[in-house]
Structures are given as C-alpha cells and as structure tokens.
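Below: one structure, written as structure tokens.
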Amino acid sequence: MSVTTSSMTKLEYLRLMMLCREGDRREAILLRQSKGWFHVGGTGHETLGAFSLHMRPDDYLYPYYRDRSIMVARGMTNYSLALAYYAKRESSSGGRQMPGHYSSRELNVMSVCTPTGGGLIPAAGTAWAMKLAGTDSVTLATVGDAAMRQGEFYEAWAFAVQEKLPLVMVIEDNKYGISTPTDHFMALNLKGVLSEDLVVKVDARVFDNVYKVAQDSISKARRGEGPTLVWADLDRLSSHTSSDDHRVYRSQEEIDEMFKRDPINLLAQELIASGQLTQERFEQMQEEVMVEVRDDYDRAEKAEDPRSEDLFKDCWGDPDRLEKPPIETGPLTMVEAINKTFDKALENDPNVVFFGEDIEDPKGGVFGMTKGLTDKFPKQVFNSPLAEATIIGVACGVAAYGMKPVFELQFIDFICPAWNQIVTNLSTTRWRSFGDWKTPMVVYAPYGAYFGGGSLWHSQANEAWLAHVPGLKIAIPSTPEDAAGLFWTAIHSDDPCFVLVPKHIFRVRRDVTSVEPVPFGKARTVQEGTDVTLVGWGNTVGVALEAAAKVPGVSCEIIDLRSISPCDYEAVAKSVEKTGRLVVVQEDTRTCGFGQALIAEITGKPEWFAYFLSSPQLCSRPDVHIGFHPAYEFAALASADDVAKAIQTTME
C-alpha cells in the first residue's frame, strides 16, 4: 500500500509520526528546563493516527491523553499542542486543562477528562444520537488498557452492543497502568469476559495493520453493522508522565526490547527497503521536524497567558429563555402538570429525547410522569438499562451532539452510580473547554420523604450534594404550576439542569389558574408577613405553612426558593430586612446542608447581618439516615411542631 488516503502518503504519515514524537521530546526537555508544569506523552502510540485518516468532518472523537497522533492526523496543529503545553489563553481549554487533554469543537474532538474511561459512556451517547438522527456518522473512542477494568467501560460497551451503535472503541494496550502491569487485570486477557466476535486484535506497532483495522471498523460502523472493539497491542516507550520514571519498575532489557519495535523506525525501514526513502532523507526529515517543533514551542511560549478575570468565564451558558409553558390550567397534580409539559416539549422539538428506567408505556415511569409519551413519540422516548452512569453519561454525549436530553433517574437516592459522570463531564465540560463544548440537558428525579415506608434509598433529600458542584442548575418545585414552569425553562436552557420532584406532594391536586414562566434563581413569596421569615423548598414549603398556623399572633412571611442553584439570596435578605428573623426548613441532613449555606450567606454580609433581631434557626433532619418504619422517618424529619418552636425561639 503506497498511500493512506488520497491526500496523505505513507511517507507523509511517517513525518506526522516524527512530528508527534518530537513534540513529546520537546515537552520533556522544556519541563527539565522548568518551562511548564507537566508532560504526558504518546511515544510508541503514533500509528493510531491512522484512525483519523478514515474519519469525516461529521464524525466525533473521544480521545484520551496519549492520542497526539490521532489529533494531528485529525487536523490539530502542533502549535495548538504547544499552546496547551504552556497552558496559554489561546489553547483549547484557555489554560484550564493539563497538556494532552485535547479538545476542538471545530474538529468534533470532545474535551478529554482526566479520569480515564470517563469519556466512554458519553461517546456511546453521541453514537446513539447519530443513529437516532439517521446519519452514517461514526464515533471513535480511545482508552488505555488499565481503564478497561472500570465499570463505565462495560456500561458503554454493553450499550453500544445493545443498540448496535456506530462506535469504534480502541483499547491502547501498552501493558501498564502507570507502574502496574495489566496483563492479569485487563478484560481482554481474561478469557470469557467479553465476546470475541466483536473484538479485533492488531499489532499496532505496524502502520499498515492499524490502517487496515481502522478502515474495516469505521466502514462497518458506517454501514450500520454495529460497534467494534479494537485491541491495539503496542508499547509505551516512555514513562507514564513527567511525574513517573519507568526505569524504577522496568528493566533496561525490557526497555531496549521495546525500542527495537519502535513504530517510527519500523515504518522508516519499510520505506527505505522499498526505495521510497533514503537514510539520508530520513535524517534530514528529523532535522526539519526538530526545527518546526522548536519554532512552534518558542512561539507558543510568547503567547498570552490566561487572565485571572477569566476565572468565571463560561461557568454558564446563555441566559435562560423565559416562555410561558403551553399547557392548560385547571385542577392539576404536579405529576399531571409535568406530563403535559413533557408532551408539549416532545411535540415542539424532535431533538428532545427522553431516556430512563421504565419510562416507556405501558408503565410510563414508576410514578407515571412519562405516561402515554412513547405511544405518541416512539422515536423520542426510550427505556434505559438499570445503570445510572449510563443514563447521565449518555445524556452528555447526546447533548454534545446537539440534541436535548430530558433523562430520568428513578429516584434521586440512586444518583451515586452516576456521580462520576456528573462531576467529571456534566458539570465541567463547558468550563474546561473554555466554552467550546456544552452539555445542556434536563435530569429529573423523584425526591424526598414525608410519606412513610421509603427507607434509606427512596426517601433522601440530598440536594446539597448537587449544589456543591459548580456548573449545575438545581430546582425543587412545590406546586404543579411551578413544576411546569421550571421544567419548561430547563428544557430550553443552555445549561445542565436538575429538577427534583417532591414525592410527598406530587399527587396533591390544586386548582391551577395560571401557568407562568419560572426562572431558575427567582424565589416565590407564598405568604406575606412581618415578624419572621420562613424559607423552604419542595416538601418543606407545606411544613412551613403548617407551622405558621401553629403560632397565632406571629406574622410569618414564607419564601419558596424554587431553585437552590442559583439561589435568590436577595429575596431572602429583603424579607429578613422586613421581619428581622429567619427560620430555614430543609429535608436534607444538617451538616453542610443547603440550609446552612443559606444562613451563612445571609449572615455573612455585614449589610444583611444588620437586619437580624435574633439568631437564625435551621430546622433540619439531623445527621442520621431514614429507616423503613414510619416511626424512624418522622422522627428524623423536621416537623411543623419543630418549626413552630424555632419560630418562637426567634421571637424570644
């Protein structure tokens, strides 16, 4: 084979490999000169760029940090990699990511996350979005051999096989997870763990081998014949990173043997033997590449550094569009209002996609929030596996492709398996890519207690977990109309939004006379008052109302936050300015709960602290779990009597 594509010969590809190798070498030298802070190399992995030679502009790439050659073959310049090494403002992350964490919206290269394997489920999500869109585009995802033992690898691969997705997943098997040999850990070495029907092993030290398997697997995916797992057998010719020295755990004999299989030398020897290259020209190319790389890094060193004032840039997307939800008024429960809102969202936008456990008809979700939607929109509403990481990770990939996920977690209590995707991808993608990528979506879940019999994993109010993570919007409605308004805003938002639906009150029927736009970060005054400000959200708004009725002679102003991130602190402060007293009611545990954060924020500003006539009070679940028997549950939760006592305390 004399050419790789119509635009790149094997000789040209050899030069690309040499360029990547020299970039690695240059960064290692600069680090020893105390120029830069970190280096991660792809030395020995250079043949894998052949995958990019078969990709089209509409294909997507989820790489990991050893994929310098895949990036350069995709179209990323050596200069852009030099900017990333120096963490310059012009770099793809604006200096927010370490070197090797590639990203390019223009090239459809998703921003790399440091936790290896973290991009695999989103890659499957993007491949699924391609299939839903009816295109013949392909998603390529790469990962190291050690990361194969992560559960998210299996979830991503299972989803790809289940849905017959246009996904090519490359396992870059260099035999080490930092210093640990992976021969007896990696799934591909464990007989029977994975079906061998979809696995293709390749000696990735030889360019022709990689080119052929890349061509075959990508063509297969384009034809709609499903995923391929490419087992790329190669060598990591360098230490893991600049923080590692492989001579500590590798013998010199092993290192010497690896360099005999150096893919650059193998390809150069082949071209010399065939007469396409001479030794003199090879050496000349090395000199040319050294000059080019040196010049790129010299120029990048002089580029502008990040600006401290950019710290908060790209925390959020465009301001939310406030539109009136197009649903009728009348007697409604929260579940009915949500269902009607979902129906209109699906009808108005074919890019809205629902995914969650048991959400298809005839069940329509365990609480009926999606009842009837698959019958009307069978191409937009889908059951998910019992795998919360898959739900959130797929949402990230679907959103990155340009669709709008509205995905359900069956209970917010089951959020923990999805936590890696939430904090690694969902919340960070926009900021870490300097606004280049975004993942707008809605994640909703039944939430909270006050109903008995839920036990530990059906009764949690754990909103503070989410509120602690930058980049997420979190809403907790307490009425059908606010649920409709918040969902409609979230569905049209440019940011990832969580809407937590309180189970205790979502079957309560109310006479809804008006459904208005509801922005995130705008509290609602439920009841005017002059003596004490009561603040709650979700189920605790009702507790606050009940408590206020228990203290005759005390005028209580009740504030429903509606969303806690962003939070309308100003509305609370304005009320306290009038009343001089504050009681906050929450379901979550006391320590580091959002109620503590609210009180700290209001009392932390001198101008607001001056409003207080007495110390603020927090009514909360203590730091204890909720048991199955209602006696445990109601002993743990803040009651109306507890709140009434807190009100009286502030009045003393």
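Numbers at a glance
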read-out: Anisotropy class of segment 262-334 from Cα gyration tensor, a/c 1.5 cut; value: oblate
read-out: Per DSSP, loop trypsin sites (Lys or Arg not before Pro) in segment 484-525 with at most 13 further Cβ within 10 Å; value: Arg507, Arg509
read-out: For segment 462-474, Karplus couplings with θ = phi - 60° (6.51, -1.76, 1.60), whole Hz, Gly/Pro x; value: 10, 5, 5, 4, 6, 5, 6, 9, x, x, 10, 9, 10
read-out: At q = 0.05, 0.12 Å⁻¹, base-10 log of I(q)/I(0) for the chain (Debye sum, equal scatterers on each alpha carbon); value: -0.28, -1.18
read-out: Contact order normalised by residue count of segment 524-651, Cα under 8 Å, 6+ apart, percent; value: 29 percent
read-out: Karplus 3J(HN,Hα) series, Hz, for segment 551-563 with 6.51 cos²θ - 1.76 cosθ + 1.60 (x for Gly, Pro); value: 10, x, x, 10, 8, 9, 9, 10, 10, 9, 4, 6, 9
read-out: Linear extension gain, Gln527 paired with Phe634, 0.36 nm per residue minus alpha-carbon span; value: 36.0 nm
read-out: 0 to 90° range, to nearest 10: angle between helix 10-32 axis and the chain longest Cα axis; value: 60 degrees
read-out: Order of Glu46, Glu301 under a 10 Å beta carbon neighbour criterion, fewest first; value: Glu301, Glu46
read-out: Helix 594-604 vs. the chain, principal-axis angle (Cα, 0 to 90°, nearest 10); value: 80 degrees
read-out: Neighbour-count ranking [beta-carbon atoms within 10 angstrom, fewest first] of Trp157, Trp37; value: Trp37, Trp157
read-out: Sequence-distant lysines (8 or more away, or on other chains) whose Cα lies within less than 22 Å of Lys578; value: Lys522, Lys550, Lys605, Lys645
read-out: Met441 long-range amide H proximity, modeled H, under 5 Å; value: Asp495, Cys497
read-out: Helix axis angle, 569-579 relative to the chain longest principal axis, alpha carbon, degrees; value: 20 degrees
read-out: Cα gyration tensor shape of segment 98-236, rounded if a/c is under 1.5, else prolate or oblate by comparing a/b with b/c; value: rounded
read-out: Trypsin sites (Lys or Arg not before Pro) within segment 321-368: DSSP coil, no more than 14 neighbouring Cβ in 10 Å; value: Arg321
read-out: Overall form of segment 16-105 per C-alpha gyration tensor (a/c, 1.5; a/b vs b/c); value: oblate
read-out: Relative contact order computed over the chain (Cα-Cα under 8 Å; 6+ residues apart), in percent; value: 11 percent
read-out: Spacing of the two label points (7 Å from each Cα toward its C-beta) at Ser7 and Met651, in nm; value: 7.7 nm
read-out: Amide proton proximity set for Val526, modelled H, under 5 Å, gap of 5+; value: Ile558, Ile559, Asp560
read-out: Residue pairs, from the table Lys175/Lys260; Lys376/Lys438; Lys473/Lys503; Lys340/Lys376, whose Cα atoms sit over 24 Å apart; value: Lys376/Lys438
read-out: For a label point 7 Å along the Cα-to-beta-carbon line of Asp136, residues of segment 199-225 with backbone N under 13 Å; value: 218-225
read-out: Ile359 long-range amide H proximity, modeled H, under 5 Å; value: Gly365, Ser384
read-out: Radius of gyration and Dmax over the Cα atoms of segment 3-300, both given in Å; value: 18.4, 53
read-out: Extension reserve of the Lys379-Ser219 stretch, reckoned as 0.36 nm per residue once the Cα distance is removed; value: 55.0 nm
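Here, each number is a calculation from the coordinates, and none is a lab measurement. Everything numeric here is computed off the predicted structure, so don't read it as measured data. No Cβ is skipped: glycine too gets one built from the backbone with ideal geometry, and neighbour counts run over all protein chains shown.
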